[in-house]
Structures are given as C-alpha cells and as structure tokens.
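To start, the structure under review is shown below, and the notes come after it.
The values are calculated or read from the model by the stated rules, or taken from the named source; none is laboratory data. It should be emphasised that the depicted structure is a prediction, and the values quoted were computed from it without experimental measurement. With ideal geometry, Cβ positions are generated from the backbone for all residues, glycine too; neighbour counts draw on all protein chains shown.
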Amino acid sequence: MSTFVRAFGRVGLLSFGGPAAQIALMHEELVDRRKWLTEQEFLRALSLCMLLPGPEAMQLATYAGWRLRGTTGGLIAGLLFVIPGAMLIALLAWGYVVFGQLSWVQAAFLGVKAAVISVVLQALYRMSQKALKGRADYALAAGAFIALFAFGLPFPIIIAAAGAWGYLTSKTENSPSLPSVTAPPRSLHTLLLWGSLWLAPVALVWALDHAFLMQIALFFSKLAVVTFGGAYAVLAYMSQTVVQDFGWITTGEMIDALGLAETTPGPLILVTEFVAFLAGYAQGGLVMALCATVLALWVTFTPCFLWIFLAGPFIDRLESRPRLSAALKGITAAVVGVILNLSVWFLIHVLFADVGAWGALPVPDLGTLNWNAVMLSVLAAYLLLRLKLPLPLVLAYTAGAALALNAL
C-alpha cells in the first residue's frame, strides 16, 4: 500500500497544467512506469470519465485507485489528487483577501491573467485536435460558441442538445448480440450511501435555515451534475452565475480565481473553492469563508466518487454501445465551442478595462485597451506555446514582468 500511496501522491503533487497534462502524467505513472493498467484499460477509463460530469482527471485517478485497490484505493487516489491543491488554494484565497488590493499584488495578478489566456488557448487547440474530425463536429462547436457568446443560452441545454444530436445521428446501432446491461448487486447500495453523503451537509444547512450557505450548497451541487467536459467547459456558465446572478464576486476576481487555480496542482475545478472563500469572506469574515469553502469542496467532489463507484463496473461495456459513444463525441465537439467562448471572454476582460454588453454580447470600450496586458499576453504565449516552458515557470516570469512594468 505504501507504493500505491507514493505513486498517487506523486500524481497529486505534480498535477499542474490542467487535465491534458494531468492525464499524461497518470499515463506515464500508471501505464508506462508501474504497468498497473494496460493501454486499453486506461483508454476505456478515460472514455468513461469524459462521459461523466465532473473533473475527468480526478475521476480517472479515482477509477485507477478503485480498479487496483477497491473502494479504499479509489478514496485514497481521489483524495491525494485533490488535497494538495485544495490546501494551497485555501492559503492563496486567504492571502488574496488580505493582500489582494495592494498595487503590487494587483500588478502581479495582471501577469497571471495574461498567462491564463495562453493556457486556455492551448486547451482549445488540444481539444480541437482530438474532437473536430468532420463538418458535423465543426458545426456543433460553432453552434455552441454562438449560443453562448451571442445569445447567452444556458450551458446544460447546449451540452444536452449536443449529446442528443450525436446519439440520434449515429449511423451505428448497439450490437443486439450483446447481453443487456444489468446493474451489479451493490449499485443501489452505492447510490444510497454516496448520495446520502453528498446531500447530508445540504440537509444540515437547510435545517439551519442559512440562506447564503444554502445557495452555496445548491449551486455547487448543480455544478457537480452539469460539468461535462471538465472545468474549462463550465467556467463560462459558472462565471455568469456567480458574477451576474448572485453578485458574489466581480469579473476581475473571477479571472484572478482561475489564475490562482492554474498555479496549484490538482483539478482546475478547485476554482470553486476560491470563489466560495471570497463569497463567504464578503458575507461574514473568515469563519463564514471557511464554512463556505468546506461546503463547496464537499458538494463538488463527493459526487465524483459517487459517479466512479457507481459507473466503474460498467466500464467494459462502454465501447460496445456505439450510440452512447456517439453522444459523447457530440458533447466533446460542443465543448470546443464552449472553450472558445471562454477564451474570448477572458481575452476581452483582461485586455480592456471597461466592457459593456449588448444583450448577452460583451462589447469592450476600445479606448480602454491595456497595453501592458497586451505585452504580457504576447510574452506568456511565447513562453508557453513557443518555448513550451512549464506552466509554473511561465506564471513566475509573467508575474515578474508585470511587477517590472508596474515599477516603470
């Protein structure tokens, strides 16, 4: 077990750079180095995790642990993937609310934001390379982008429509020779146990009749259900809700949240922890911030264990259901459009000081272009995309450059 803990501890501590880098790290550790999973087992597991809501890299680690050591192994692997980053995010969030308004801290964050633009563009490129193989895929991606950027349609509707399109237009039928999929005997037990664990704090907050914490519990529980395609795909929906609908944080703080999440290991969806901390701090100081943080983490990640422990026994049947795979393909194509929307949204809000709106369409004031942000964005793109430097190093360079520009 010590070797098992060391292997997944290494994955958790080194999992910088988003899901693509994290999946590559797990492949190196579990398939190439340890030989614990075969290539086919790893790819089947990844397909399942992409189909499920939630952070696919964290769920992949959980599945690998479950496959190797049962439920205990799944818990250890999943927690080791999340806990290091969650602890760092908590410290960064506290530092942000205490020191974040200082001019030099704001200047450093401008460099972080500039690097985030390149990170999101890199994720867009990687996803498009894998997901867009034909005209239908490009059409789904374009439709998702227009629906979000121009019309502000809800993210879950876009994902559901893309999945339905992929399923209904599939030219391959499921094989009638295969036996019907029957639930393993412990499926109901798993559903009741982990469903109860997920909803227990929600019920407690409801009993206490605390309006703000109830909003936190319900919103982040909803995110745990609709986060198909990983954190990048849901950030636009999340940002719109926490900034415009709830008013918990500002647009600038939302961009800072993503930038700080990029500096830590673990799933990028840990940005929810940062948002909950800031919202709680504004509501009632440090104690409320910690309550909101713990609650957000619980309702965000407990469902991940539920999905894996419930769906894991079915994984070998996924590839024999072509129409289900086609639905996943449609969702993945739409996610490219969602990430493009996120890229444009971040680009506008980082490069321009004032951004208005025409309906759902963001309209920047061209006279408020920040030339420091432009130069830092170009520098970040060169370091990350051209020189291919590690993300933590790029963030350090761009933050240092931003401080230098501020001093000048």
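Being part of a helix (DSSP H, G or I), among the aliphatic types (A, V, I, L, M), modelled with pLDDT of 80 or more and farther than 19 Å from THR241 by Cβ narrows it down to one of ALA147, ALA160, ALA164, so name that one.
Numbers: ALA147 fails: farther than 19 Å from THR241 by Cβ; ALA160 fails: farther than 19 Å from THR241 by Cβ.
After applying the criteria, what remains is ALA164.
Among GLY54, GLY9, which is the only one that is within 20 Å of VAL271 (Cβ to Cβ), small (Gly, Ala, Ser) and out of contact with any Asp or Glu (no Cβ under 7 Å at 6 or more places or on another chain)? Break it down into steps so the answer makes sense when it comes.
Details: GLY9 fails: within 20 Å of VAL271 (Cβ to Cβ).
Selected residue: GLY54, the only one of GLY54, GLY9 that is within 20 Å of VAL271 (Cβ to Cβ), small (Gly, Ala, Ser) and out of contact with any Asp or Glu (no Cβ under 7 Å at 6 or more places or on another chain).
List the pairs whose first member sits in segment 78-101 and is of a type in the set (Gly, Ala, Ser), whose second member is outside any helix (DSSP H, G or I), and whose Cβ atoms are under 8 Å apart, counting only residues at least 6 apart or on separate chains?
GLY85/SER15; GLY85/THR264; GLY85/PRO265; GLY85/GLY266; GLY85/PRO267; ALA86/GLY266
Please go through segment 236-262 and pick out each residue that is β-branched (Val, Ile, Thr) and touching a residue at least 24 places away in the same chain (Cβ under 8 Å).
First, the residues of segment 236-262 that are β-branched (Val, Ile, Thr): 241-243, 249-251, 255.
Matches in segment 236-262: VAL242, ILE249, THR251, ILE255.
Report, by residue number, each residue of segment 187-231 that is outside any helix (DSSP H, G or I) and either touching a residue at least 24 places away in the same chain (Cβ under 8 Å) or closer than 24 Å to THR332 by Cβ (or both). Give the derivation first.
From segment 187-231, those outside any helix (DSSP H, G or I) are 209-210, 227-230; that's our starting set.
Across segment 187-231, the qualifying residues are THR227, PHE228, GLY229, GLY230.
Inside segment 9-25, can you point out the residues that are out of contact with any helix residue (DSSP H, G or I) (no Cβ under 6 Å at 6 or more places or on another chain) and at pLDDT 85 or above?
ARG10
Which residue pairs have Cβ atoms under 9 Å apart, sit 6 or more places apart or on different chains, and have a first residue in segment 392-405 that is surrounded by fewer than 16 Cβ atoms within 10 Å (Cβ to Cβ) and a second that is of a type in the set (Gly, Ala, Ser) and not in a helix (DSSP H, G or I)?
Every condition considered, the pairs that remain are PRO392/GLY17.
Does segment 28-45 contain at least one residue that is modelled with pLDDT under 85, under 18 Å from ILE269 (Cβ atoms) and among the hydrophobic types (A, V, I, L, M, F, W, C)?
Within segment 28-45, not a single residue is modelled with pLDDT under 85, under 18 Å from ILE269 (Cβ atoms) and among the hydrophobic types (A, V, I, L, M, F, W, C).
Just for segment 22-66: of the residues that are among the basic types (Lys, Arg) and within 18 Å of ARG6 (Cβ to Cβ), which one is surrounded by the most Cβ atoms within 10 Å (Cβ to Cβ)?
Filtering segment 22-66 for residues among the basic types (Lys, Arg) gives 33-35, 44.
Still in the running and within 18 Å of ARG6 (Cβ to Cβ): 33-35.
Numbers: ARG33: 11, ARG34: 14, LYS35: 8.
Result: ARG34.
In this structure, does LEU361 turn out to be in contact (Cβ under 8 Å) with a residue 60 or more places away in the chain and surrounded by fewer than 17 Cβ atoms within 10 Å (Cβ to Cβ)? Steps first, answer last, please.
Details: in contact (Cβ under 8 Å) with a residue 60 or more places away in the chain: yes; surrounded by fewer than 17 Cβ atoms within 10 Å (Cβ to Cβ): yes.
In short, yes.
Would you pick out the residues in segment 258-282 that are outside any helix (DSSP H, G or I) and more than 18 Å from LYS113 (Cβ to Cβ)? Break it down into steps so the answer makes sense when it comes.
First, pick out the residues of segment 258-282 that are outside any helix (DSSP H, G or I): 263-267.
Correct list: PRO265, GLY266, PRO267.
Report yes if VAL355 is touching a Pro at 6+ places or on another chain (Cβ under 8 Å) and in contact (Cβ under 8 Å) with a residue 40 or more places away in the chain, otherwise no. So that I can check it myself, show each step before the final result.
On the way: touching a Pro at 6+ places or on another chain (Cβ under 8 Å): yes; in contact (Cβ under 8 Å) with a residue 40 or more places away in the chain: yes.
So VAL355 fits the description; yes.
A quick yes/no check of all residues on (1) β-branched (Val, Ile, Thr); (2) more than 27 Å from GLY266 (Cβ to Cβ):
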residue: VAL344; (1), (2): yes, no
residue: ALA360; (1), (2): no, yes
residue: MET375; (1), (2): no, yes
residue: ALA396; (1), (2): no, no
residue: LEU403; (1), (2): no, no
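Looking at this structure, is ILE339 within 24 Å of GLU253 (Cβ to Cβ), surrounded by fewer than 19 Cβ atoms within 10 Å (Cβ to Cβ) and either of a type in the set (Val, Ile, Thr) or touching a residue at least 40 places away in the same chain (Cβ under 8 Å) (or both)? Steps first, please.
Numbers: within 24 Å of GLU253 (Cβ to Cβ): yes; surrounded by fewer than 19 Cβ atoms within 10 Å (Cβ to Cβ): no; either of a type in the set (Val, Ile, Thr) or touching a residue at least 40 places away in the same chain (Cβ under 8 Å) (or both): yes.
For ILE339, the condition - within 24 Å of GLU253 (Cβ to Cβ), surrounded by fewer than 19 Cβ atoms within 10 Å (Cβ to Cβ) and either of a type in the set (Val, Ile, Thr) or touching a residue at least 40 places away in the same chain (Cβ under 8 Å) (or both) - is not met.
ILE146: among the β-branched types (Val, Ile, Thr) and within 18 Å of the chain's Cα centre (by Cα), yes or no?
On the way: among the β-branched types (Val, Ile, Thr): yes; within 18 Å of the chain's Cα centre (by Cα): no.
It is false that ILE146 is among the β-branched types (Val, Ile, Thr) and within 18 Å of the chain's Cα centre (by Cα).
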